[in-house]
Amino acid sequence: MAISDVPESPGTTVTAITTTTTVGTDSDLSRSSLRRRHSATADFDGQSSPDELAGDFGFSDSLNGKSNEEEDKDNEKKKKKQQHATGDNTIHDDSGDRERVSNVKFTYRPYVPAHRRIKESPLSSDNIFRQSHAGLFNLCIVVLVAVNSRLIIENIMKYGWLIKYGFWFSSKSLRDWPLFMCCLSLAIFPLAAFIVEKLAYQKCIAEPVVVLLHITITSAAFVYPVLVILRCDSAFVSGATLMLLTCIVWLKLVSYAHTNYDMRAITVSNEKGETLPNTLNMEYPYSVSFNSLAYFMVAPTLCYQPSYPRTPSVRKGWVVRQLVKLIIFTGVMGFIIEQYMNPIVQNSQHPLKGNLLYAVERVLKLSVPNVYVWLCMFYCFFHLWLNILAELLRFGDREFYKDWWNAKTVEEYWRMWNMPVHKWMVRHIYFPCIRLGLSKHVATLFAFLVSAVFHELCIAIPCHMFKLWAFIGIMFQVPLVLITNYLQNKYKNSMVGNMIFWFIFCIFGQPMCVLLYYHDLMNRKGKLD
């Protein structure tokens with residue numbers, strides 16, 4: 001028996017086996033059993049079983065002295081025996097043992113090549129992102145839990161229990177009842193917008209009057225809560241909650257008015273017989289329904305449309321599990337704020353007025369608990385709360401975020417971080433600016449400007465001061481977009497932009513804003529006292 005290497009294709013070599021026999025050895029060959037077992041489970045190279053490799057290397061069924069039909073019959077008999085087995089796995093047939101020994105004898109031979117392809121190590125730079133790292137991810141979670149558990153125990157042993165029982169509720173919270181009543185009265189403005197749209201649908205008022213009325217309604221819906229917060233000496237959490245709800249109502253009212261205005265314009269063009277592109281064909285007929293508006297005002301979206309994709313039913317057990325998670329992670333977030341962030345902030349100085357080295361140390365120390373709080377906030381609001389609301393309302397489109405943690409540029413982050421706001425910006429800010437003849441860069445800058453204004457108002461109004469730190473932080477994203485886009489174009493397939501994003505947002509940006517607003521707020525209270 002001679003072995004020769006025959007090249008099958010460039011870069012690969014297949015071992016061919018040639019058999020040299022004499023007349024006197026035919027009987028010995030006929031007595032050899034080289035049958036293949038289809039039940040073999042071991043794979044060679046992750047692709048072929050040993051039996052398949054035996055066939056590849058010359059062990060064909062023709063050497064068994066049996067035809068393919070006889071082999072198939074034997075396989076069928078074996079299957080029937082397996083199906084009618086009674087579970088006595090301890091009894092083995094001697095012929096079966098001899099057959100397995102024969103398989104091992106002729107399959108696992110030293111001449112079978114162990115290396116057949118060019119392969120990379122799993123952690124090599126060319127192969128690392130093609131592998132599954134679930135085990136390493138589990139290890140990171142275990143280590144993270146162990147390390148943080150030790151730090152929590154050490155912190156409690158050193159400083160004691162720092163959580164105040166008035167964190168959740170106190171008698172002073174009763175003074176915020178004007179904010180609660182203002183929150184309930186916000187429903188008046190969607191009702192007013194519906195009446196205006198109903199009159200416009202019935203053609204009782206002219207289009208310029210409709211636009212003027214919507215501007216008045218949306219402006220009042222924003223100014224009214226602001227005045228209530230500024231007139232009342234309420235807690236920051238209460239004021240921030242009302243401001244967040246006010247911004248949501250304002251964005252929804254703008255989308256409702258803008259969408260109906262566009263649908264009326266297309267309907268009028270169709271009535272006049274004008275030829276419109278296929279892209280302007282409305283998927284839903286133009287109509288004004290109170291049920292559609294009421295559903296839109298509570299749905300987890302900021303973009304109005306007459307109908308939404310709906311799920312068939314509500315999973316009650318799933319909702320209960322998500323509510324339990326929401327309670328747990330909200331408690332974790334409150335624990336980190338009270339036990340870690342408050343002492344760090346209280347023992348710090350104003351970052352722009354004290355020692356620079358000390359300010360850097362405070363920012364870096366605050367960055368770790370700030371990251372935990374930020375991730376808990378994202379998980380609680382964007383994943384748990386919005387999905388719970390969507391499940392209760394059977395709202396189908398639940399893409400509330402994308403994989404923003406993999407963003408390679410700041411621009412990608414803002415496109416994937418908050419999908420409801422992103423879709424609203426694209427629909428009602430970006431493309432209307434493009435249709436007005438503005439360039440893409442100007443439209444993007446205007447979208448960032450609107451976002452910066454709302455971020456500043458949501459923080460400054462509950463704090464009763466305007467320092468523009470949030471506004472500057474958002475507008476600072478514009479040059480970061482240009483820088484990270486340049487780096488991504490220059491260094492293809494790199495994570496430089498992703499590292500810059502994590503550093504700017506989590507290590508430097510957010511802790512710096514927390515320190516700035518805290519000390520400015522404390523200085524304001526000190527002057528008032």
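The values are calculated or read from the model by the stated rules, or taken from the named source; none is laboratory data. The shown structure was predicted, so the numbers you read here are calculated from the model rather than taken from an experiment. Quick reminder, even Gly has a Cβ in these numbers, built from the backbone with ideal geometry, and neighbours come from all protein chains shown. Side chains are part of the model used for accessible areas, which takes the heavy atoms of the whole protein and leaves out ligands, DNA and RNA. Shrake-Rupley method; radii C 1.70, N 1.55, O 1.52, S 1.80 Å.
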- Taking C380 as the residue in question, decide whether it is more than 18 Å from I248 (Cα to Cα), in a helix (DSSP H, G or I) and at pLDDT 90 or above. no
- Note on the structure: Residue pairs qualifying under the 8 Å Cβ cut-off, at least six apart or on distinct chains, with the first in the stretch 137-160 being of a type outside the set (K, R) and at pLDDT 85 or above and the second being open to solvent by 90 Å² or more (accessible area, probe 1.4 Å) and part of a helix (DSSP H, G or I), are none
- Task: Using the structure shown, decide if M377 is buried (at least 19 other Cβ atoms within 10 Å of the Cβ) and aliphatic (A, V, I, L, M).
- Result: no
- Could you count how many residues in the stretch 206-218 are in contact (Cβ under 8 Å) with a residue 24 or more places away in the chain and either open to solvent by 30 Å² or more (accessible area, probe 1.4 Å) or not in a helix (DSSP H, G or I) (or both)? 2
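Filtering the stretch 342-359 down to residues that are open to solvent by less than 40 Å² (accessible area, probe 1.4 Å) and of a type outside the set (V, I, T), which residue is farthest from the chain's Cα centre (by Cα)? Walk me through it before giving the result.
Start the filter on the stretch 342-359 by keeping residues that are open to solvent by less than 40 Å² (accessible area, probe 1.4 Å), which leaves 343-345, 348, 350-351, 354, 359.
Now narrow it down to the ones that are of a type outside the set (V, I, T): 343, 348, 350-351, 354, 359.
Details: P343: 32, S348: 34, H350: 35, P351: 33, G354: 39, A359: 33 Å.
The selected residue is G354.
For every residue, the table says whether it meets (1) surrounded by 20 or more Cβ atoms within 10 Å (Cβ to Cβ); (2) in contact (Cβ under 8 Å) with a residue 60 or more places away in the chain; (3) not hydrophobic (A, V, I, L, M, F, W, C).
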residue	(1), (2), (3)
A193	yes, yes, no
E197	yes, yes, yes
C204	no, no, no
A220	no, no, no
F236	no, yes, no
L245	no, yes, no
A265	no, no, no
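Only one of H519, H455 is closer than 30 Å to I229 by Cα, touching a residue at least 12 places away in the same chain (Cβ under 8 Å), open to solvent by 70 Å² or more (accessible area, probe 1.4 Å) and out of contact with any Leu (no Cβ under 8 Å at 6 or more places or on another chain); which? Before you say what the answer is, go through the steps one by one.
Details: H519 fails: open to solvent by 70 Å² or more (accessible area, probe 1.4 Å).
Only one candidate passes the filter, namely H455.
Scan S367, S348 and give me the residue that is of a type outside the set (A, V, I, L, M), more than 25 Å from V249 (Cβ to Cβ) and part of a loop (DSSP other than H, G, I, E, B).
On the way: S367 fails: part of a loop (DSSP other than H, G, I, E, B).
Of S367, S348, the one residue that is of a type outside the set (A, V, I, L, M), more than 25 Å from V249 (Cβ to Cβ) and part of a loop (DSSP other than H, G, I, E, B) is S348.
Of all residues in the stretch 458-469 being closer than 19 Å to H350 by Cα and of a type outside the set (A, V, I, L, M), which is most open to solvent (accessible area, probe 1.4 Å)? Can you show your working first?
Filtering the stretch 458-469 down to residues closer than 19 Å to H350 by Cα leaves 459-460, 463-469.
Add one more test, that the residue is of a type outside the set (A, V, I, L, M), and what stays is 463-464, 466-467, 469.
Details: C463: 7, H464: 42, F466: 125, K467: 98, W469: 60 Å².
Within the stretch 458-469, the match that is most open to solvent (accessible area, probe 1.4 Å) is F466.
Please work out which residue is farthest from E456 (Cα to Cα), limiting yourself to the stretch 247-261 and to residues that are open to solvent by less than 30 Å² (accessible area, probe 1.4 Å) and of a type in the set (V, I, T). So that I can check it myself, show each step before the final result.
Let us first name the residues in the stretch 247-261 that are open to solvent by less than 30 Å² (accessible area, probe 1.4 Å), namely 247, 249, 251-253, 255-257, 259-260.
With of a type in the set (V, I, T) added as a condition, the list becomes 249, 259.
Values: V249: 17, T259: 27 Å.
That would be T259.
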- Note on the structure: Within the stretch 104-120, residues under 30 Å from M495 (Cα atoms) and modelled with pLDDT under 85 come out as K119, E120
- Item | Number of the exception - D93 against (1) surrounded by 12 or more Cβ atoms within 10 Å (Cβ to Cβ); (2) modelled with pLDDT under 75 | (1)
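Would you check which residues across the stretch 494-511 are open to solvent by 40 Å² or more (accessible area, probe 1.4 Å), in contact with a helix residue (DSSP H, G or I) (Cβ under 8 Å, 6 or more places away or on another chain) and among the aliphatic types (A, V, I, L, M) and list them?
Of the stretch 494-511, the ones open to solvent by 40 Å² or more (accessible area, probe 1.4 Å) are 495-496, 499-500, 502-503, 507-508, 510.
The next check asks that each one be in contact with a helix residue (DSSP H, G or I) (Cβ under 8 Å, 6 or more places away or on another chain); those that pass are 496, 500, 507-508, 510.
V496, I500, I507, listed by residue number.
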- What single numbered condition from (1) among the basic types (K, R); (2) crowded, with 18+ Cβ neighbours inside 10 Å; (3) at pLDDT 90 or above fails to hold for R362? (3)
- Within the stretch 290-334, work out how many residues are open to solvent by 40 Å² or more (accessible area, probe 1.4 Å) and outside any helix (DSSP H, G or I). 8
- Message: Need the failing condition index for Q339 against (1) open to solvent by 30 Å² or more (accessible area, probe 1.4 Å); (2) closer than 30 Å to L516 by Cβ; (3) part of a helix (DSSP H, G or I), just the number.
- Response: (1)
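Mind checking whether some residue in the stretch 481-493 is closer than 30 Å to M263 by Cα and open to solvent by 50 Å² or more (accessible area, probe 1.4 Å)?
Filtering the stretch 481-493 down to residues closer than 30 Å to M263 by Cα leaves none.
No, that holds for no residue.
Filter the stretch 380-434 down to the residues that are basic (K, R) and either over 28 Å from K316 (Cα atoms) or surrounded by 19 or more Cβ atoms within 10 Å (Cβ to Cβ) (or both) and list them by number. Walk me through how you get there before you give the answer.
Start the filter on the stretch 380-434 by keeping residues that are basic (K, R), which leaves 394, 398, 402, 408, 415, 423, 427.
Within the stretch 380-434, K408, R415, K423, R427 meet the criteria.
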